[in-house]
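Following: one structure in structure tokens, then a few remarks.
Read-outs: derived from the displayed coordinates by stated rules, not from any lab. Since we're looking at a predicted model, the values are computed, not measured. Cβ sites come from the backbone with ideal geometry, for glycine too, and all protein chains shown count toward neighbours.
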Amino acid sequence: MYAPSTTLWDRVAECPPVEYKTGYWHIWEPGPAPVPVLPNDSASISVFLVPDSQYAQLNEERDKLTSLRVKNIFQRPQKAPSKGATASTFINDHKSNPIAIGRPKQDDFYHVPISLFYAEFAQFKEDIVSGTLDQELSPLAYRWLKELSGFIEDEQERESKFHELLSDLLDGYEVARRKIGSFETGGGIDPKDTDLPDLLVKPLLVEVKIEFTQGSCDAVFEIVLCDQEGVRLILSNDKYKGDWRKTRIPSILVIHNGPNVQALGAVYLTDQYVEVLSPSLPLYFSEYDTRSMENLLRFMTALRNLFRSLLKVYEKPNDYAIDSDQVSFPYPRSYRSSGTTVWFNYLKRVSQIRLVFTARTEGDQDIIVKFGYGPYGVEAHQAAAESGFAPALLSHSNLAGGWWMVVMENLESDFQPCDDFDILEPPCKDAITECVSKFHTMGFVHGDLRDTNVFVRRKQDGWECQLIDYDWAGREGEVVYPIGVYSTHSVWRPELHLDGQLITSEHENSTVNEFLRRRTKIIRF
């Protein structure tokens, strides 16, 4: 029998902090003991055999993610949600301690969408629009219509009825009021007789109002604050500690505002993030309104599927563990290339309004990882890369809910976007127009050849040009502009409104000529 010396534990304390990686230890083959402890340097790895009790203590104490979350959440003073959710109080508090709920909108920052933190949220958003209907839910859906659309004078009665009907939808998991310190939530999962940890507001939180405009509190504000206070408690109180802290702590927020129902999604990155998942659905539509009934059935089917998916996060949290330095980046951490899985870590977000990230593979290759929704011009990107005027496309993957991920080589550091130049000399302009012309000659159009997507660099024998961002690209005559493409005071377009129109080479030539014209040196005599 061998026991570690006190100096060994001193050495452990000096080691770099233990991070949650996959949530599992790698087990080595047993060997002779004792073995010498190697020096603590970059060329060696120290492996310690630790009793369970001490391992848990060391791991919890070194959990950077929990420490960071607790630090951030306690920057906001503790307050009963019912008091903090009045419009004037919430807005005033938001000025000094903003909560990411999508309000107010900013021109220079778009949050990474919740669909890229958990695929299940993306699937829910798609399913409420075009998902299959669970016909077995029809009887329950009619109960929702009949029993929740009436006039109910007592809020507790409406709350109790909604808890019952929601429990029937969620496979019988009991939905009940949950107590958080000195106040109660409008409902959460009571995990008794189940394997779920009791986390009060996870994986479900409910807010009920007797009518849509009843009371002084806004239902969205109140449920967001309930989620915040619940997480404050379960993160700071060791009674609730567990491997779930390694995850992004996802949950569904369901609002029953009078005869209406709506779902939001919540995650905890280093701080709280809440996003609308569905519109508010009325439950008092006409008995002859088949479309609204289909929408309700899709909503109920999707909600149950989402709930079942999030249960897995809390049942097997190690499968969803995330490193503290990766928690605010999208969930994909690998791509397939030539039949091989390539793992990577994100480094930073390139732009605060684009879903473009720098990353590094386990083989130390620097790459660009980009996300988008809808089609992506894979063929156009590959053709441009093979012709030498686009970064090599390493991978294209379809993700849940209509999203995609592309991985490409990083441009060399001396390439600059044309947006960075005040003046472009004639040889540089020639290189740009030649590059665009070659692309069009191959039968492709790009769709967004603004100065921010055209990169150039000076070489000894001239200039080189690269085109990036092939989100809308494709064969001319086949691809159209997405919604929201129009001319503004800061973004020039060849026409005022282009939504849904065919993308043409004429449009692209006009766009390129316009930004080249603005970067022409004018000599006056």
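Which cross-chain or sequence-distant (5 or more) residues have an amide H under 5 Å from the amide H of residue 399, H modelled 1.01 Å from N in plane?
HN-HN under 5 Å from residue 399: 404, 405.
Reported to two decimal places, what Rg/Rh ratio describes the chain when computed on Cα atoms with Rh from the Kirkwood expression?
Working: Rg = 27.5 Å, Rh = 26.7 Å.
Using Cα coordinates only, the ratio equals 1.03.
Kirkwood Rh over Cα pairs of the range 416-517 into Stokes-Einstein at 10 °C, 1.306 mPa s: D in µm²/s?
Numbers: Rh = 14.0 Å.
Using the Kirkwood radius from Cα pairs, D works out to 114 µm²/s.
To the nearest 500 deg cm²/dmol, what mean residue ellipticity at 222 nm is calculated for the chain from DSSP H runs of n ≥ 4 alone, each contributing -39,500 (n - 2.57), summed and divided by the residues?
Working: 13 runs with 163 residues, N = 525.
Taken over the chain, the calculation gives -10000 deg cm²/dmol.
Using modelled amide H (1.01 Å from N, peptide plane; none on Pro or chain starts), what sits under 5 Å from the amide H of residue 425, excluding residues fewer than 5 places away?
Residues meeting the criterion, in which the H sits 1.01 Å from N, do not exist here.
Separation between the residue 460 and residue 174 pseudo-spin-labels, each 7 Å from Cα along Cα→Cβ, expressed in nm?
7.9
Among the listed pairs 202/246; 79/161; 239/316; 105/429; 79/209; 246/312, which are separated by more than 25 Å between their Cα atoms? Write out the running numbers ahead of the final one.
Numbers: 202/246 14 Å; 79/161 28 Å; 239/316 19 Å; 105/429 37 Å; 79/209 20 Å; 246/312 14 Å.
Exceeds cut-off: 79/161; 105/429.
Give me the distance in nm between label points sitting 7 Å out from Cα along the Cα-to-Cβ direction at residue 334 and residue 502, one decimal.
The answer from the label model is 4.4 nm.
Could you tell me what fraction of 2.2 N^0.38 Å the Cα radius of gyration of the range 81-171 comes to, as a two-decimal ratio? Working shown, then result.
Working: Rg = 18.6 Å, N = 91, 2.2 N^0.38 = 12.2 Å.
This ratio for the range 81-171 stands at 1.52.
Give the separation of the Cα centroids, the range 374-413 to the range 306-321, in Å.
Between the Cα centres of the range 374-413 and the range 306-321 lies a distance of 31 Å.
Just to check, using Stokes-Einstein with a Kirkwood Rh over alpha carbon pairs, what's the diffusion coefficient of the range 334-409 at 10 °C and 1.306 mPa s in µm²/s?
Working: Rh = 13.0 Å.
Translational diffusion coefficient: 123 µm²/s.
So if I place +1 on the C-beta of Lys and Arg and -1 on the C-beta of Asp and Glu, and nothing else carries charge, what would the dipole magnitude of the range 416-517 be about its Cα centre? I want it in debye, nearest 20.
Working: 9 positive and 19 negative charges, 30 e Å.
Charge dipole, the range 416-517, about its Cα centre: 140 debye, nearest 20.
Quick one: Karplus J couplings for the range 490-503, per residue in order, coefficients 6.51, -1.76, 1.60, θ = phi - 60°, nearest Hz, x for Gly and Pro?
Once θ is set to phi - 60°, the couplings for the range 490-503 become 10, 10, 7, 10, x, 9, 5, 10, 10, 3, x, 7, 5, 7 Hz.
I'd like to verify something in the chain: which complete DSSP H helices, judged by Cα projection on the helix axis, reach 24 Å or more and average at least -1.0 on the Kyte-Doolittle scale? Don't jump to the answer; show the numbers that get you there.
Working: long enough: 219-236 (26 Å, 1.13); 290-315 (38 Å, -0.08).
The qualifying helices are 219-236, 290-315.
Residue separation times 0.36 nm, minus the C-alpha to C-alpha distance between residue 214 and residue 64: what's the value?
Values: separation 150, 0.36 × 150 = 54.00 nm, distance 4.18 nm.
Between residue 214 and residue 64, full extension yields 49.8 nm more.
I need the phi-derived Karplus couplings for the range 181-192: 6.51 cos²θ - 1.76 cosθ + 1.60, θ = phi - 60°, integer Hz, Gly and Pro marked x.
x, 9, 9, 10, 8, x, x, x, 7, 8, x, 4
Could you calculate, for the range 178-302, the ratio of the Cα radius of gyration to the Kirkwood radius, expressed as Rg to Rh? List each step's numbers first, then the result.
Working: Rg = 15.9 Å, Rh = 15.7 Å.
Over the Cα atoms of the range 178-302, Rg/Rh equals 1.01.
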